[in-house]
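**Student:** Got a structure here, written out as structure tokens. Questions coming.
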Amino acid sequence: MSTTQQRLDAYYAAEVRILTAGLSWRLDIRQRQEAELAEIRKAITALEGKLAAEQGKRSSGSSLRYRTAVFND
């Protein structure tokens, strides 16, 4: 498993932790949770893009490439 995938899994876990903890009734804690959730989601989006790019590099290097040519007489 790549480091990017491990980080992404950790951010998913953090997102779930905040979402399942329930909303706090204290305004300051609720605002902090919302701010944390926004930053976590931003990091998730960035890491998903990075992981897709990493996987794209791996798959494009090992895939067979071919072209079809059609010759008309």
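**Student:** Any idea how many residues of region 1-10 are at pLDDT 90 or above and open to solvent by 70 Å² or more (accessible area, probe 1.4 Å)? Give the steps one after another, and end with the answer.
**Tutor:** Start the filter on region 1-10 by keeping residues that are at pLDDT 90 or above, which leaves 3-10.
Now drop any that are not open to solvent by 70 Å² or more (accessible area, probe 1.4 Å), which leaves 3, 6-7.
Qualifying residue count for the region: 3.
**Student:** Show the residue pairs meeting these rules: Cβ distance below 6 Å; 6+ apart or different chains; first residue within region 31-52 and under 16 Å from residue 16 (Cβ atoms); second residue of a type in the set (Lys, Arg).
**Tutor:** Close Cβ pairs satisfying both conditions: 47/7.
The values are calculated or read from the model by the stated rules, or taken from the named source; none is laboratory data. From a predicted model like this one, the values you see are computed outputs, not experimental measurements. Heads up, the Cβs are rebuilt from the backbone with ideal geometry, glycines too, and the neighbour counts pull from every protein chain shown. To get the accessible areas, we keep the full protein, side chains included, count just its heavy atoms, and leave off ligands, DNA and RNA. Shrake-Rupley method; radii C 1.70, N 1.55, O 1.52, S 1.80 Å.
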